[in-house]
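Where a number appears in this text, it was derived from the coordinates with a stated rule and is not lab data. Because the structure is predicted, anything quoted here is derived from the model rather than measured. Cβ coordinates were reconstructed from backbone atoms using ideal geometry, including for glycine residues, and neighbour counts include every protein chain displayed.
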Amino acid sequence: MEAKWPEGLKKTKQRTDVYEVLLGAEAPMSAVDIFKKVPDYALSTIYRILASFEKYDMVIKSNLPGEDNSVYELNRGGHTHYAMCLKCHELVPLKKCPFEHVDIQTEENDFEITSHKIEIYGYCSKCK
């Protein structure tokens with residue numbers, strides 16, 4: 001799948017390589033995880049590329065509690081929630097959004113909700 005580059009973001013070999021790594025990822029990846037897949041680039045380059053992808057809404061950045069690193073996944077137009085194993089830190093994707101059928105909009109406070117994040121913790125099948 002070829003990347004649809006937003007107007008204003010130059011398409012370079014380095015950006016294309018990072019995009020391809022994220023495209024093939026089964027779960028969100030840290031900059032260090034991506035660096036391990038494209039070791040020809042400096043880690044600082046990977047961070048700059050991810051920052052530009054975030055600026056152009058190409059990736060979704062998540063900060064996992066208890067982790068020093070952020071993780072990134074391609075913005076494919078929807079969203080996925082993950083449960084995190086407290087022992088091995090594996091991210092397990094949930095099949096559907098827990099808020100899928102919850103109406104939390106209120107007219108009284110005139111607040112438009114545009115996104116949400118849910119933190120779910122437990123133990124994966126290998127660690128329980």
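The alpha carbon gyration tensor of the range 1-48 gives principal lengths a ≥ b ≥ c with a/c of 1.5 or higher and a/b no greater than b/c, which makes the shape oblate.
Within the set [x] 12, 46, 35, 6, 0; [y] 10, 18, 10, 9, 9, 8, 13, 19, 5; [z] 11, 37, 31, 17, 4, 0, the number that P(r) over Cα pairs in 10 Å bins from 0, in percent takes when calculated for this structure is listed as [z].
Rounded to the nearest 20 debye, what is the charge dipole size of the chain about its Cα centre when +1 sits on each Lys and Arg Cβ and -1 on each Asp and Glu Cβ? That gives the chain a dipole magnitude of about 740 debye. Here the relative contact order of the range 1-76, from alpha carbon pairs under 8 Å that lie six or more residues apart, stands at 30 percent. Length gained on full extension, THR45 to SER125, computed as 0.36 nm times the residue gap minus the Cα-Cα distance: 25.2 nm. Taking every alpha-carbon pair under 8 Å whose residues sit at least 6 apart, the chain reaches a relative contact order of 19 percent. With unit charges on the beta carbons (Lys and Arg positive, Asp and Glu negative) and the dipole taken about the Cα centre of the range 1-76, which residue among ILE34, GLY24, THR45 sits farthest to the positive side? Sorting the options by dipole projection puts first THR45.
Is the shape of the range 79-128 best called rounded, prolate or oblate, per the rule: a/c under 1.5 gives rounded, else a/b larger than b/c gives prolate, else oblate, with a ≥ b ≥ c the square roots of the Cα gyration tensor eigenvalues? Prolate, because a/c is 1.5 or more and a/b exceeds b/c.
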